[in-house]
Amino acid sequence: MADFETVILEKMEEEHIAKISLNRPDRLNAFNPQMQDEFSQAIEDVDQDDNMRVLIVTGVGRGFCSGADVGGLGQQDQGGEQSRHSGRYPDQLRRNFKHVQRFILGLQRLEKPVIGMINGVAVGAGFDLAAACDIRIGSPNSRFMVAFIRVGLFPGYGGTWLYPRILNNVGKAAELLFTGDFLESEEALKNGALNHLVPAEELENFTMDMAKKIASGPPIAMRLAKLMLYRGLEMDLETAMLMAATAESITLTSEDHAEGIAAFRERRAANYIGR
């Protein structure tokens, strides 16, 4: 397992749970180029580890992620590397976004459920990151803001696709996009940006309990369910049904299905192995 400076990757082997923590607390976990690369590498590590069945994403300190590090916009960052959001040539900037968007696509493509433990502010790219998680659990400290409009920018991390889908409300997504107003925790829960809202002191335990529950499930069925959850958003019903038949054929012939039936009949917890 790789060592990182700007993210912390933990693996709970017995529980089959991985956790990636953004680790720039002095900057409220704002993304710089190093964090973008290390976060993407950590996601790839989890993707390749068949023992990991669930991923938790969170931030160290009092922030989840405050977006792109504005200290790097238009200048050299502290390590001397130019921000990927600065430069004279539009096409170079466009190509740079392949790097910065890699972790958003990585979470969506990861064939394992992703839980966002939203421990604080999620602003700009941080809101996009939270929206890219499959499930989001927050506390009264959780606050969301699109932010891009406040500095004359477009949401370059996928927000215009992500927001209306997690909010299930184009009007609310438009309001957040056009005003740059904060979405506070209670309203985030009401509008779907949070699945659960719990006291701050219970956030980690609540998230871990959900992660353990998901990790105890059948990995093959989980992978296929996540795949179809997102692909189905872009399909007509007939195509989705054809894909569902293919996916179900895989699960019906799996050892996990046989184990699930046996456990049901024997009134015991199933022990899924991902075959």
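The values are calculated or read from the model by the stated rules, or taken from the named source; none is laboratory data. Remember, it's a predicted structure, so these values are computed and weren't measured experimentally. Backbone-built Cβ (ideal geometry, glycine too); neighbour counts: all protein chains shown. Side chains are part of the model used for accessible areas, which takes the heavy atoms of the whole protein and leaves out ligands, DNA and RNA. Shrake-Rupley method; radii C 1.70, N 1.55, O 1.52, S 1.80 Å.
Quick notes on this one:
- Exactly one residue out of Leu189, Leu194, Leu183 is assigned to a loop (DSSP other than H, G, I, E, B), at pLDDT 95 or above and in contact with a strand residue (DSSP E or B) (Cβ under 6 Å, 6 or more places away or on another chain), and it is Leu194.
- The sole residue among Met35, Met52 that is touching a Ser or Thr at 6+ places or on another chain (Cβ under 6 Å) and under 20 Å from Leu105 (Cβ atoms) is Met35.
- Cβ-Cβ distances below 7 Å connect the following pairs, each with a first residue in the range 89-114 that is closer than 18 Å to Ser21 by Cα, a second residue that is loosely packed, with under 13 Cβ neighbours inside 10 Å, and a separation of six or more residues or different chains: Gln108/Tyr230.
- Of the residues making up the range 205-239, those that are charged (D, E, K, R), open to solvent by less than 40 Å² (accessible area, probe 1.4 Å) and either without any contact (Cβ under 8 Å) to a residue 60 or more places away in the chain or part of a loop (DSSP other than H, G, I, E, B) (or both) number 0.
- Filter result for Gln92 (open to solvent by 20 Å² or more (accessible area, probe 1.4 Å) and either under 11 Å from the mean Cα position of the chain (by Cα) or within 23 Å of Asp45 (Cα to Cα) (or both)): no
- In the range 24-57, the residue that is most open to solvent (accessible area, probe 1.4 Å) out of those that are polar (S, T, N, Q), outside any helix (DSSP H, G or I) and at pLDDT 95 or above is Asn51.
- Note on the range 1-13: residues that are open to solvent by 10 Å² or more (accessible area, probe 1.4 Å) and within 18 Å of Ile115 (Cα to Cα) amount to 6.
- On the stretch given as the range 240-268, residues that are in a helix (DSSP H, G or I) and more than 19 Å from Arg223 (Cα to Cα) total 6.
- Every residue from the range 115-171 that is open to solvent by 30 Å² or more (accessible area, probe 1.4 Å), aromatic (Phe, Trp, Tyr) and not in a helix (DSSP H, G or I): Phe154
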